[in-house]
Amino acid sequence: MGKRIIQQRRGRGSLTYRVRRKAFSVKPKYLADLRNDEEWIVVKLISSAGHSAPIAKFKSKDGRVFYNFATNLLYEGQKIKIGRHEAGDITMVGDLKNGTTVFNIESRPKDGGRFVRSGGNFATVVNKKGSEVTLMMPSKRERKFNSHCKATIGVSAGSGRLEKPILKAGKQYYIKKSKSKLWPRTSAVKMNAIDHPFGSGRGKRIKSKIAKRNAPPGKKVGLLRPRRTGRKKR
């Protein structure tokens, strides 16, 4: 009897493969009651292990606090305004001009921000029509948003993280470990046949396998269920 394959071990949900809480102790999210012309000050910049961009802590005059991803060149003591159109400010995407760069975009109004949250990323406003705003995402695909969705103006900080090369395996190991990601990953065809469905395979010929779409983690290896197979006849 072979050991459980990695998908099964991960699916079990043990602490080995679960992200430690400390990595995500700070949760960047817009407050639902942010009001236009309200002024906030950056009181602290935080380096979070679970995020690729630095996080800024904002505080208002009445003592309310929230966290958001820092804009490039943001500094402690800087003041931002809700509804203003300068770098670092938070506003609704429907109020922005075409060509404006934004990040941490809400999927639907008042959900706190869901899209474009990694370091150095941004989306661009390309079109507005009625209550819909079209944004060019970092993947170069266009996506439509409700005009009342909030976003932060500018480019997310932390763009230089990929410029410095990772010279040794140990550094990559600890980067992955901070988010409980398994690394290094062993190739399936390098395993023994008893340890993985693709194991052994004399000559390293990967077996063609199509897993069912509702298959459990231990069975879902190989190709995801395609809509059709075989050569398409015209």
Next item on the list: At 0.36 nm per residue, minus the direct Cα-Cα distance, what do R231 and I46 gain on full extension? Give it in nm, one decimal, please.
Entry: 61.3 nm
Item checked: Among F103, P138, Q8 - extreme Cα towards positive end, dipole of the chain, charges at beta-carbon -> Q8
Notebook entry, point to check: Per-residue HN-Hα couplings for segment 40-55, Karplus 6.51 cos²θ - 1.76 cosθ + 1.60 at θ = phi - 60°, whole Hz, x for Gly and Pro?
Noted result: 10, 10, 7, 9, 7, 10, 10, 9, 9, 5, x, 10, 8, 10, x, 10
Notebook entry, point to check: Under the rule of -39500 (n - 2.57) per DSSP H run of 4 or more residues, summed and divided by the residues of the chain, what mean residue ellipticity at 222 nm is obtained, to the nearest 500 deg cm²/dmol?
Noted result: -2000 deg cm²/dmol
Check: To the nearest 20 debye, what charge dipole does the chain have about its Cα centre, counting +1 at the Cβ of each Lys and Arg and -1 at the Cβ of each Asp and Glu?
Finding: 2540 debye
Notebook entry, point to check: Which residue, chosen from G199, V126, S52, occupies the Cα position most advanced towards the positive end of the dipole of the chain, where the dipole is computed from +1 (Lys, Arg) and -1 (Asp, Glu) charges on Cβ about the Cα centre?
Noted result: G199
Check: Once amide H atoms are built 1.01 Å from N in the peptide plane, which residues 5 or more positions from K128, or in another chain, come under 5 Å H to H?
Finding: T134
Check: Between S14 and N214, what length in nm is gained on full extension when 0.36 nm per residue of separation is reduced by their alpha carbon distance?
Finding: 69.8 nm
Next item on the list: Please list the non-local residues whose amide H lies under 5 Å from the amide H of S48, H modeled 1.01 Å from N, same-chain partners needing a gap of 5 or more.
Entry: I55
Item checked: Peptides 153-162, 123-132 ordered by average Cβ neighbours within 10 Å, highest first -> 153-162, 123-132
Notebook entry, point to check: Between N121 and residues 5 or more places away or on another chain, which pairs have amide H atoms under 5 Å apart, with H built 1.01 Å from N, and which residues are they?
Noted result: S156
Note to self: Multiplying the sequence separation of R64 and L167 by 0.36 nm and subtracting their Cα-Cα distance, what value in nm do you get?
What the structure shows: 32.8 nm
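Here, each number is a calculation from the coordinates, and none is a lab measurement. Nothing here was measured: the structure is a model prediction, and the numbers come from that model. Neighbour counts are summed over all protein chains in view; Cβ atoms, including those assigned to glycine, are modelled from backbone coordinates with ideal geometry.
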